[in-house]
Amino acid sequence: MLDLQRLRALHAVAVHGTVGAAAASLGYTPSAVSQQIAKLERETRTVLLERQGRGVRLTEQAERLAATARELLSIVERAETELEERRGLPAGRLGVAAFASAARGLMPGVLADLARRHPALDTRLTEVDPHLSVDLVARGAVDMAVAHDWDIAPLPAPDGVEQALIGEDLCDLLVPAGHPFAGRAAVRREDLRDERWICQPPGRVCHDWLVRTLRAAGCEPEIVHQAEENPTLVALVAAGLGVALIPRLGRGVLPDGVVEVPLDPMPVRRLYAVWRAGAARRPAISEMVRTLQGHWPVVSAHGVR
């Protein structure tokens, strides 16, 4: 008989693409996942993973088995949902993916609140790029995701996925203290044509928003520095190397030498909770959504960044 945990490990490798990423999503070590796959290969007398450069790829037999594993895990999820629903209390494991600034600025308080009020609920957080999180929910790799979108990039809504609005996160223009904009009450987008920009790399939502917005205002942004993490972007602004547009959530306290200036109109990104259709019957899902929505007004009003 096939072991469900070993099938879960194979499914995670199929979803995430590497043993390391699969291990992170499951809360295991890479060696533990490799051992589970090796045992599954012995049970099935089938080669499931093949070396490909520094990584691995699933064989054709493994792809078929992973598809079956997804169906089995879906059945198990439904059974767990029904049991939890009958008990009426959040319980069991809940895997949540969140983008970096939400993982820093929102999730610690939410997770601590849930742990205090629902000790039978085992919530596991994974930081995931927002471009990937919704697909991970749809594919059953995580139970829920905290994702975001902008006006130019609506949140994708694949079949079988539901969502609820958590709140709106405001974005400010950050400039060095000696910058001409530093004393302004607000800056229009048309005034930004001659600025040197610091932002995230291409493919990130913030980068795409900046490029599209400034092009719509009639100018091509001059992007001089790129970095993944907001604290790095802020540090580059503090060094006088350019200006940046950064959301408030998870931004942290601004250092000396950096001034925030509102844009007119002010950019806004929306935060959503995303889960598989039907899973809202599970008390753990509905309680996580309520807790996220309940914490957001405090986070946004008090500037917990």
So how much accessible area does T18 have, in Å² to the nearest 10, using a 1.4 Å probe?
60 Å²
Fraction of accessible area attributable to carbon and sulfur, the chain (%, probe 1.4 Å):
52 percent
For V187, other-chain or 5+-apart residues with amide H closer than 5 Å (H placed, Pro excluded) are L263, D264
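Cα-based Rg of the range 13-162 per 2.2 N^0.38 Å, rounded to two decimals? The partial results should precede the final answer.
Numbers: Rg = 17.1 Å, N = 150, 2.2 N^0.38 = 14.8 Å.
Scaled against compact globular proteins, the figure is 1.16.
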Helix axis angle, 60-87 relative to the chain longest principal axis, alpha carbon, degrees
80 degrees
Quote the Stokes-Einstein diffusion coefficient, in whole µm² s⁻¹, for the range 232-305, based on the Kirkwood radius over alpha carbon pairs, a temperature of 10 °C and a viscosity of 1.306 mPa s.
105 µm²/s
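If L89, L136, L111 are ordered by their accessible area, calculated over protein heavy atoms with a 1.4 Å probe, which sequence runs from highest to lowest?
Values: L89 110, L136 15, L111 45 Å².
Result of the area sort, largest leading: L89, L111, L136.
Given Cβ point charges of +1 (Lys, Arg) and -1 (Asp, Glu) and nothing else, what value in debye, to the nearest 20, does the dipole of the chain about its Cα centre take? Walk me through the numbers on the way to the answer.
On the way: 36 positive and 38 negative charges, 151 e Å.
Dipole magnitude for the chain comes out near 720 debye.
Is the shape of the chain best called rounded, prolate or oblate, per the rule: a/c under 1.5 gives rounded, else a/b larger than b/c gives prolate, else oblate, with a ≥ b ≥ c the square roots of the Cα gyration tensor eigenvalues?
On the way: a/c = 2.54, a/b = 1.73, b/c = 1.46.
Cα axes put the chain in the prolate bin.
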Helix 4-16 sits off the longest principal axis of the Cα atoms of the chain, rounded to the nearest 10 on a 0 to 90 degree scale, by 30 degrees
Listed residue (A239, G203, L136) projecting farthest to the positive dipole end of the range 116-243, Cβ model:
A239
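Got a sec? What order do Y272, Y28 fall in by accessible area at 1.4 Å, biggest, i.e. largest, first? Don't jump to the answer; show the numbers that get you there.
Details: Y272 30, Y28 80 Å².
Output order, biggest surface exposure first: Y28, Y272.
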Residues whose built amide H sits under 5 Å from the amide H of Q200, excluding neighbours closer than 5 in sequence, are H207, A227
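Given the rule -39500 (n - 2.57) for each run of at least 4 DSSP H residues, summed and divided by the residues of the chain, what is its mean residue ellipticity at 222 nm, to the nearest 500 deg cm²/dmol?
Working: 10 runs with 130 residues, N = 305.
Value at 222 nm, helices only: -13500 deg cm²/dmol.
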What residues qualify as long-range amide H neighbours of G252, i.e. H under 5 Å apart, gap of 5 or more or another chain, H built at 1.01 Å from N?
R305
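Let me have the relative contact order for the range 146-305, percent, based on Cα pairs under 8 Å that are six or more residues apart. Kindly include the intermediate steps, with their values, before the conclusion.
Numbers: 282 pairs, mean separation 64.9, N = 160.
Computed over the range 146-305, the figure is 41 percent.
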I want the local charge near A21. Using Cβ-Cβ distances under 15 Å, sum +1 for each Lys or Arg and -1 for each Asp or Glu among the other residues.
+2
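The values are calculated or read from the model by the stated rules, or taken from the named source; none is laboratory data. Source: prediction; values computed, not measured. With ideal geometry, Cβ positions are generated from the backbone for all residues, glycine too; neighbour counts draw on all protein chains shown. Keep in mind that these areas ignore ligands, DNA and RNA; they rest on the heavy atoms of the full protein, side chains included. Shrake-Rupley method; radii C 1.70, N 1.55, O 1.52, S 1.80 Å.
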